[in-house]
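*Asks:* Have a look at this one before I ask anything.
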Amino acid sequence: MEAYSHFAIGLLLCSVMLCGHLSQGLQRFSELKNSLILEYVAKNGTKAGEGTISVTWKLDTAAVSAADAAFADYKNVHIKLCFGAVSQVDRAWRKTNDLLSKDKTCPYEMGAQPYTPEGGSITWTVTKEIPFAFYFIRAYVTNTAKEKIAYGQTSNKQRTTNLFTIEPITGRHASLDIAAAVFSAFSVISLFGFYFGEKRFIKKG
């Protein structure tokens with residue numbers, strides 16, 4: 001009897017976990033509540049690897065009250081860098097999909113913070129791998145089960161307004177230029193040394 005009870009409890013836990021995974025896989029962006037207000041500071045041509053983007057967020061109390069947010073289990077806020085619509089054209093690897101498990105609009109994590117009704121802010125240094133594109137910022141609210149339940153963003157639903165650009169690293173660094181110059185100088189010196197050494201050898205001969 002005891003063994004059966006343990007088996008039943010285990011089966012129940014597995015079912016709950018499976019349902020949780022399935023529900024996350026079936027989440028849709030269109031079902032999320034737009035309940036965060038986001039503002040950002042970033043200039044066009046922000047440099048990858050050195051430029052920064054500042055983001056502030058807070059609860060939009062005109063959309064959701066603080067009490068309702070608490071009841072809905074607002075737990076954490078995840079801030080993402082997202083592709084604008086113009087930078088998604090003919091790029092399947094950036095394609096927007098209403099099914100969140102398949103959506104590729106926001107691949108870059110800028111940071112995460114605990115949710116508070118008063119909001120928060122972050123300053124993010126653009127990482128080196130970010131390609132040139134037009135971007136906007138989106139923040140997802142997750143609950144205790146790590147499910148996305150709300151969002152806010154700096155662009156419109158079509159992802160066409162209030163965009164900014166990021167400039168990629170050119171691929172050349174000062175350290176590489178110095179190393180190339182030293183190598184070139186060494187090659188020239190070696191060439192002259194070989195030339196004069198050969199002439200001296202011929203004279204002695």
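*Asks:* Could you list all residues from the stretch 140-158 that are part of a loop (DSSP other than H, G, I, E, B), open to solvent by 20 Å² or more (accessible area, probe 1.4 Å) and more than 13 Å from Q27 (Cβ to Cβ)?
*Replies:* Passing the criteria: T144, N156, K157, Q158.
*Asks:* Within the stretch 42-55, identify whether any single residue is over 13 Å from the mean Cα position of the chain (by Cα), surrounded by fewer than 19 Cβ atoms within 10 Å (Cβ to Cβ) and without any contact (Cβ under 8 Å) to a residue 24 or more places away in the chain, and answer yes or no.
*Replies:* Looking for residues that are over 13 Å from the mean Cα position of the chain (by Cα), surrounded by fewer than 19 Cβ atoms within 10 Å (Cβ to Cβ) and without any contact (Cβ under 8 Å) to a residue 24 or more places away in the chain, one finds none in the stretch 42-55, hence no.
*Asks:* Hey, another quick one. So, K75, is that one surrounded by 15 or more Cβ atoms within 10 Å (Cβ to Cβ) and either touching a Leu at 6+ places or on another chain (Cβ under 6 Å) or within 23 Å of T160 (Cα to Cα) (or both) or not?
*Replies:* No.
*Asks:* Within the stretch 78-95, count every residue that is farther than 16 Å from K148 by Cα and either open to solvent by 40 Å² or more (accessible area, probe 1.4 Å) or assigned to a loop (DSSP other than H, G, I, E, B) (or both).
*Replies:* 9
The values are calculated or read from the model by the stated rules, or taken from the named source; none is laboratory data. Keep in mind it's a predicted model, so treat the numbers as computed, not measured. In this analysis, Cβ positions are derived from the backbone assuming ideal geometry, glycine residues included, and neighbour counts consider all displayed protein chains. Calculation scope for accessible area: heavy atoms of the full protein, side chains included, ligands and nucleic acids excluded. Shrake-Rupley method; radii C 1.70, N 1.55, O 1.52, S 1.80 Å.
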